[in-house]
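First the structure, in the form of structure tokens, and then the observations on it.
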There are 2 protein chains.
Amino acid sequence: MTGKRAVVRTETTAAIIRHARRQLETRGAANISLREIARDLDMASSAIYRYFESRDQLLTVLIIDAYSRLGAAIEDADTACDRDDLIGRWTAIALAFRDWALTNQADYGLVFGTPVPGYEAPEDTNAAGMRYTNVVVQLVADATARGCTSAIEPPKTKGLVSEYRNVKKAIGVNAPDATLLAGLSAWAAVFGAINLEIFGHVDIVYTDPGVHFAALVDMLGRQVVGLT
Amino acid sequence: MTGKRAVVRTETTAAIIRHARRQLETRGAANISLREIARDLDMASSAIYRYFESRDQLLTVLIIDAYSRLGAAIEDADTACDRDDLIGRWTAIALAFRDWALTNQADYGLVFGTPVPGYEAPEDTNAAGMRYTNVVVQLVADATARGCTSAIEPPKTKGLVSEYRNVKKAIGVNAPDATLLAGLSAWAAVFGAINLEIFGHVDIVYTDPGVHFAALVDMLGRQVVGLT
DNA sequence: TCGTATTGTGAGCAGTGCTCACTATTTGAG
DNA sequence: CTCAAATAGTGAGCACTGCTCACAATACGA
């Protein structure tokens, strides 16, 4: 029997988060003001601390929330595809990532932006961050299982073989080095392209960044990673 | 005849920047304190405003400074190479970028990190940002002029041809679409890989990120962009 | 019903960026 | 060399911040 206390608690907790997110969008993480949130909610500024132990903790909650919404978006995009349509899944994942980033720029900035020196993300944060990663890793695993072979050849970089041995152990996927290199590079490119676009380093170059992005995703997926 | 006033002015200006950069490294941009800088410099906090009109302006100066040091690092790496050794230049540029980012993490975060909503970079900032970009653009131009052809084929993404027409005009390089797509993708991958590494999203995957990065750079340069 | 745990309060502390009236000092023209 | 003007430095003060603490109000469960 969830008492009136429990219900009002979840309500105000949500309200605080809602207001924090609004401030995040309009003024950036550095300018979120607990006192202003309290004022907007008609409560004493000190009352906030009954819900969040510090400003940092509020931000951490926002980060986890953002991660999990991103994870959901990526998962949805992936599961909507036929399991065997690897290039379709890759494309869907990449486009969903960009879409989410564009419609949630503040969240994106919070999650993938400059970390504060000394800030150590708590365990749950990292766990939430693994969600979208796992989708991509799974795609690489499926591609390997279905016999996709990368068109590229890994260079004879010193230490690469042993490095990739560790990577394979870390992500739990036994893919050929070529696929690994191609996949990791493709993902880096997707991430990098989105980052450049969101953080505004390419506005003078592209008229419609989405067109170039789509081409980049398709080209890397088919011609570098070798997805079919 | 640089009077005593002019000389002491440049000195204190430099000292303020020095202290600001130190705080940036240890506590992040959000926690730079003008008052503390003033205390460290044994001057009244209000005196800072004789040198910088606001905290934001100090940050802008730090950004421009970072951009220009990055630009210098990239330019040096490039000019140290034989002009005809395209893959060598590409590799040198990419590695120099990563090196600079790793040894100047705070600067990197300031320049390529989350932008503050509403903050409009002044003209000089963008100019400083073009320096390293120009080096990469020049490499693409040289590659085209020397007849390098990309191994990949641009997909038939709707609107890509006209989009790339604009890009070519914007950067002033008349490269084939394949080279353009390959080059932009490669650069996005380099940037993305560095970003992931610096902002700490891959520490569980790689044991030595540098090895993978070197392989990524070489593979993309040779096998995707087609540099020789 | 009543003690307990939870929630809310307002004053207060130490810190911030920034302004302003004011003083001290260097500068360059007459 | 003199002296008004430009420049540099001062400290008090404003409005804001995150956060703490002693205290009061309230819902909860035995």
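Bear in mind that the values in this text are calculations on the coordinates, not laboratory data. In this text the structure is predicted, and so the values were computed from the model without any measurement. Neighbour counts are summed over all protein chains in view; Cβ atoms, including those assigned to glycine, are modelled from backbone coordinates with ideal geometry.
What to note about this one:
- Distances between copies at A:P122, taken between label points 7 Å from Cα along the C-beta direction, are 4.2 nm in increasing order.
- For the protein assembly as shown, Kirkwood radius (reciprocal of mean inverse C-alpha pair distance, Å): 23.8
- Computed helical MRE - 222 nm, chain B, DSSP H runs ≥ 4 contributing -39500 (n - 2.57), nearest 500: -22000 deg cm²/dmol
- Unit Cα scatterers, Debye sum, region A:60-225: log10 I(q)/I(0) for q = 0.12 Å⁻¹: -0.58
- Result for chain B in a Gaussian network model with C-alpha springs under 10 Å: among B:A30, B:A151, B:A72, the largest mean-square fluctuation is at B:A30.
- Identity and axial distance of the chain B residue whose Cβ lies nearest the axis relating B to A, Å: B:G192, 1
- Phi to ³J(HN,Hα) by Karplus 6.51 cos²θ - 1.76 cosθ + 1.60 over region A:159-175, Hz, x for Gly, Pro: x, 5, 4, 6, 4, 6, 4, 5, 4, 4, 5, 5, 9, x, 10, 9, 8
- Inter-centroid distance (Cα atoms) of region A:83-118 relative to region B:1-65, Å: 37
- Here the peptides B:82-89, B:214-221 are ranked by packing, the mean other Cβ count within 10 Å, and the order with the highest first is B:214-221, B:82-89.
- Going from the residue with the fewest nearby Cβ atoms within 10 Å to the one with the most, B:R131, A:R9, B:R5 rank B:R5, A:R9, B:R131.
- For chain A, the longest principal axis of the Cα atoms and the long axis of helix A:123-145 meet at an angle of about 20 degrees.
- Lysines whose Cα lies under 26 Å from that of A:K158, excluding same-chain neighbours fewer than 8 positions away: A:K168, A:K169
- Near A:V173, no amide H atom lies under 5 Å from its own; only residues 5 or more places off or on other chains count, and H is placed 1.01 Å from N.
- For region A:46-113, the spherically averaged projection of the C-alpha convex hull amounts to 5.4 nm².
- C-alpha long axis of helix A:177-198 to longest principal axis of chain A, angle in °: 40
- Local net charge near B:E153, Cβ-Cβ under 10 Å (Lys/Arg +1, Asp/Glu -1): +1
- Tensor-based shape of region B:82-144 (alpha-carbon gyration tensor, a/c under 1.5 rounded, otherwise prolate or oblate): oblate
- Ordering A:W100, A:W187 by the number of other Cβ atoms within 10 Å of each residue's own Cβ, fewest first, gives A:W100, A:W187.
- Local electrostatic count at A:A106 - Lys and Arg +1, Asp and Glu -1, tallied over other residues with Cβ under 10 Å: +1
- Chain B: relative contact order in percent, alpha carbon pairs under 8 Å with at least 6 residues between: 21
- Degrees between helix B:209-219 axis and first principal axis of chain B (Cα, 0 to 90, nearest 10): 40
- Burial ordering of A:E153, A:E197, fewest other beta-carbon atoms within 10 Å first: A:E153, A:E197
- Of all aspartates and glutamates in the structure, those lying under 15 Å Cα to Cα from A:K156, and not within fewer than 8 positions of it along the same chain, are A:D177, B:D218.
- Estimated from the Cβ-Cβ distance and a Förster radius of 30 angstrom, the FRET efficiency linking A:A151 and A:D84 is about 0.90.
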